[in-house]
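Below: the structure, in structure tokens.
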Amino acid sequence: MLPTHLKGHLQVASASILFGTIGIFVSLVSQMPIGSIIFYRLLFGITAITLFFACCGRLDELRLKEKKQYLLLLGIFQAGTMLSYFFSVIHTTVSIAVLLLYTAPIYVTLFSPLTLKEPITRRSLSALMLSLAGVILVIEPGAVFQNMDRMYAIGLWCGLISGLLYSCMIMTSRYLKGYYTGTAQAAWAIVITLVIFLPYSTAISGGVLLENLYLLIALGLLPTAASLTLYFGGLAYVRAQNASIISLLEPISAVVFAAIILSQPITTTVLVGGGLILLSALIVSKYGAVEACA
């Protein structure tokens, strides 16, 4: 039997790798608007999570307490993060979208003095500079303006916005940690996001839904229900800053999966820029203990 701490590390690592498959599933789904993809992903995900909580006798953990308005805010931020991230995945590449998403720890560093009263250190500023250099390399602004691909440019902006909104999720989650467990926060954020995207449940025909049903179920079960359960289960045995570092497996695995499954090319500039972004996130996670939940 595995030691408890090793089991926790393996759970967080497995969850991060599963999170890395999100962009793959989104890219494979066809003829569905982004809102519908999000709705059915979360529908199957929350169904599985609720059944898990019921079987484990943990439904009381989901009971609403104080700070309900911040749970609503968490759900709104999650809805915006998913919408902008999925748009970026579809109109750029999985690699670029996930790397731009992972600028979130840098936004947290910038905003923490205002929202969480946490000071910015020299190390944080160094990480910020590395991240900005990485973003410039990943985006390749010269190529964007030369090619004049409007949707690609919008996809890049959405990638940056997804990182900003993800950082808002992280800070809201940190504020709520004294009132709700991580799993309760995740479950309620899913429910709120599901309600926001409810109109998209009927935006597609039955035929299109059936055609993509196996992908949507897999998207709801693997990088949603299973990954969240593994991640928060592992957090009980892993220090928060160690979990943040292990979570860097998500963008790394996403880049690898995109190259293998989708045959999306990885340019040298994306590799170097992505490396700088991940290095900056590593610095912030290791020395700033930034907590993240997907």
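Here's the yes/no breakdown for (1) under 27 Å from MET32 (Cβ atoms); (2) touching a residue at least 40 places away in the same chain (Cβ under 8 Å); (3) crowded, with 20+ Cβ neighbours inside 10 Å; (4) not basic (Lys, Arg):
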| site | (1), (2), (3), (4) |
| --- | --- |
| LEU59 | no, no, no, yes |
| LYS65 | no, yes, no, no |
| GLN69 | no, no, no, yes |
| TYR85 | yes, yes, yes, yes |
| THR92 | yes, yes, yes, yes |
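Taking the stretch 80-123 as the region of interest, how many residues are more than 15 Å from SER167 (Cα to Cα) and at pLDDT below 90? Residues meeting the conditions: 6. Considering the stretch 148-189, the residues that are free of Cβ contacts under 8 Å to residues at least 60 places away in the same chain and assigned to a helix (DSSP H, G or I) include one that is nearest to the chain's Cα centre (by Cα), namely TRP157. If you go through the stretch 14-31 and keep only what is assigned to a helix (DSSP H, G or I) and either free of Cβ contacts under 8 Å to residues at least 24 places away in the same chain or within 21 Å of ALA243 (Cα to Cα) (or both), you end up with SER14, ALA15, SER16, ILE17, LEU18, PHE19, ILE22. Regarding the stretch 97-116, can at least one residue be identified that is without any contact (Cβ under 8 Å) to a residue 24 or more places away in the chain and not hydrophobic (A, V, I, L, M, F, W, C)? The answer is yes, given that some residue of the stretch 97-116 is without any contact (Cβ under 8 Å) to a residue 24 or more places away in the chain and not hydrophobic (A, V, I, L, M, F, W, C).
One line per residue, one yes/no per condition, for (1) outside any helix (DSSP H, G or I); (2) touching a helix residue (DSSP H, G or I) at 6+ places or on another chain (Cβ under 6 Å); (3) modelled with pLDDT of 90 or more:
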{"residue": "LEU209", "(1), (2), (3)": "no, no, yes"}
{"residue": "ASN212", "(1), (2), (3)": "no, no, yes"}
{"residue": "LEU215", "(1), (2), (3)": "no, yes, yes"}
{"residue": "LEU222", "(1), (2), (3)": "no, yes, yes"}
{"residue": "ILE260", "(1), (2), (3)": "no, no, yes"}
{"residue": "ILE266", "(1), (2), (3)": "yes, yes, no"}
{"residue": "GLY274", "(1), (2), (3)": "no, yes, no"}
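Give the residue, chosen from PHE19, PHE39, that is surrounded by 24 or more Cβ atoms within 10 Å (Cβ to Cβ), farther than 29 Å from ALA236 by Cβ, of a type in the set (A, V, I, L, M, F, W, C) and touching a Ser or Thr at 6+ places or on another chain (Cβ under 7 Å). None of the other options fit; the residue is PHE39.
The values are calculated or read from the model by the stated rules, or taken from the named source; none is laboratory data. Keep in mind it's a predicted model, so treat the numbers as computed, not measured. No Cβ is skipped: glycine too gets one built from the backbone with ideal geometry, and neighbour counts run over all protein chains shown.
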